[in-house]
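The values are calculated or read from the model by the stated rules, or taken from the named source; none is laboratory data. This one's a predicted model, so the numbers in the text were calculated from it and none came from an experiment. Virtual Cβ from ideal backbone geometry, glycine too; neighbours counted across all protein chains shown.
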Amino acid sequence: AVDLTGVHKWYGEFHVLKDINLTVRRGERIVICGPSGSGKSTMIRCINRLEEHQQGKIVVDGIELTNDLKKIDEIRREVGMVFQHFNLFPHLTILENCTLAPIWVKKMPKKDAEEVAMHYLKRVRIPEQALKYPGQLSGGQQQRVAIARALCMSPKIMLFDEPTSALDPEMVKEVLDTMVGLAEEGMTMLCVTHEMGFARQVANRVIFMDFGQIIEMNEPNEFFSHPQHERTKLFLSQIL
Ligand code: ATP
Ligand code: MG
């Protein structure tokens, strides 16, 4: 479903992504970990063109990412993204946050969009919050809204960038449970996270990045019990 081939990216002089090769098949769940500044966010942001790569090829569901704005739009419709800091619109209600893109991007009638939104708000178990504003919800609740909002566009792929790292510990579980549910339903997922319990539970593969490169990639059991590279071992010893 997603193919990165020989992808390079620079921020000015700084070589942030170096020869990234990665294929994510439909229904696969991939967890990406690695030290701060290793390029994890940059890599997944390239997949929906929040960042632009300068070399190599990125293909999402058969569509190659180029400067063609129509293609970028098409890809963004298929790819849902959840950020560390929720990024909800503070002046819109929860329901409005969830219906905005379906109404404006998908041209869905408002009533239908609201029905879809309520469906997903039920799925993340907060339908009763629909008419509140983001500021009135807990962090865990806001993050579940962000997940519901992304799902309202019926994405084929979900990207997560440290969705639990801004949350108080007691709220991490409710968000992870939501993500596990999505995984069990077969959603294709690419998750930057240091929640290694989640990785063990749902990932098909775990990727370790450092200095803009994929250093190691393996299925979770092997990855955790027999890390191949010194840097992976060191990293795991620091976070486990
Ligand atoms: P973290 O775990 O802290 O989120 P990360 O692995 O997600 O780190 P990135 O955010 O992808 O790392 O950043 C990779 C490198 O690129 C860092 O050294 C960062 O300082 C640099 N960088 C990120 N965004 C920009 C930008 N807009 N302009 C210049 N440099 C940037
Ligand atoms: Mg990051």
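Mind telling me which of the residues 188, 164 ends up being in contact with a Leu (Cβ under 8 Å, 6 or more places away or on another chain), of a type in the set (Ser, Thr, Tyr), crowded, with 22+ Cβ neighbours inside 10 Å and under 30 Å from residue 113 (Cα atoms)?
Values: 188 fails: in contact with a Leu (Cβ under 8 Å, 6 or more places away or on another chain).
Only one candidate passes the filter, namely 164.
Within region 79-94, can you find the residues that are more than 16 Å from ligand 2 (Cβ to nearest atom), among the aliphatic types (A, V, I, L, M) and not in a helix (DSSP H, G or I)? Let's see the steps before the verdict.
First pass over region 79-94, keeping only residues more than 16 Å from ligand 2 (Cβ to nearest atom): 79-80, 88-94.
Then keep just the ones that are among the aliphatic types (A, V, I, L, M); that gives 79, 88, 92, 94.
Residues satisfying the conditions are 79, 88, 92.
Is it true that residue 147 is at pLDDT below 95 and crowded, with 19+ Cβ neighbours inside 10 Å? Steps first, please.
Details: at pLDDT below 95: no; crowded, with 19+ Cβ neighbours inside 10 Å: yes.
No.
Looking at region 118-166, which of its residues are among the small types (Gly, Ala, Ser) and in contact (Cβ under 8 Å) with a residue 24 or more places away in the chain?
Quick first cut of region 118-166, residues among the small types (Gly, Ala, Ser) only: 130, 135, 138-140, 146, 148, 150, 154, 165-166.
Result: 130, 135, 138, 139, 140, 146, 148, 150, 165, 166.
Could you check, for region 167-181, whether at least one of its residues is surrounded by fewer than 18 Cβ atoms within 10 Å (Cβ to Cβ), under 21 Å from residue 23 (Cα atoms) and either free of Cβ contacts under 8 Å to residues at least 40 places away in the same chain or within 16 Å of ligand 2 (Cβ to nearest atom) (or both)?
No, region 167-181 contains no residue that is surrounded by fewer than 18 Cβ atoms within 10 Å (Cβ to Cβ), under 21 Å from residue 23 (Cα atoms) and either free of Cβ contacts under 8 Å to residues at least 40 places away in the same chain or within 16 Å of ligand 2 (Cβ to nearest atom) (or both).
Which helices (runs of 4 or more DSSP H) does region 95-214 wholly contain that include 2 or more residues that are over 24 Å from residue 26 (Cα atoms)?
Values: elements: 110-123, 139-151, 169-184, 196-202.
Qualifying helices (runs of 4 or more DSSP H): 110-123, 139-151, 169-184.
Filter region 79-124 for residues that are basic (Lys, Arg) and under 20 Å from the mean Cα position of the chain (by Cα) and give the result.
Within region 79-124, the first condition is being basic (Lys, Arg), and the residues that meet it are 106-107, 110-111, 122-123.
Hit for region 79-124 is 123, nothing else.
If you take the residues of region 8-65 that are surrounded by 15 or more Cβ atoms within 10 Å (Cβ to Cβ), within 11 Å of ligand 1 (Cβ to nearest atom) and among the charged types (D, E, K, R), which of them is farthest from residue 180 (Cα to Cα)?
9
Tell me, please, whether a residue that is outside any loop (DSSP other than H, G, I, E, B), touching a Pro at 6+ places or on another chain (Cβ under 9 Å), over 23 Å from residue 101 (Cα atoms) and within 16 Å of ligand 2 (Cβ to nearest atom) can be found in region 21-33. Reasoning before the result, please.
The first filter runs over region 21-33 and keeps only residues outside any loop (DSSP other than H, G, I, E, B), leaving 21-24, 29-33.
Subsequent filtering for residues that are touching a Pro at 6+ places or on another chain (Cβ under 9 Å) retains 31.
Add one more test, that the residue is over 23 Å from residue 101 (Cα atoms), and what stays is 31.
Within this subset, residues satisfying the condition of being within 16 Å of ligand 2 (Cβ to nearest atom) are 31.
Scanning region 21-33 turns up at least one residue that is outside any loop (DSSP other than H, G, I, E, B), touching a Pro at 6+ places or on another chain (Cβ under 9 Å), over 23 Å from residue 101 (Cα atoms) and within 16 Å of ligand 2 (Cβ to nearest atom).
Output the number of residues of region 188-216 satisfying the condition of being within 18 Å of residue 22 (Cα to Cα) and either within 17 Å of the chain's Cα centre (by Cα) or touching a residue at least 60 places away in the same chain (Cβ under 8 Å) (or both). Working first, answer last.
Just the residues of region 188-216 that are within 18 Å of residue 22 (Cα to Cα), to begin with: 188-193, 199, 203-216.
If we keep only those that are either within 17 Å of the chain's Cα centre (by Cα) or touching a residue at least 60 places away in the same chain (Cβ under 8 Å) (or both) as well, we get 188-193, 199, 203-215.
Number satisfying all stated conditions: 20.
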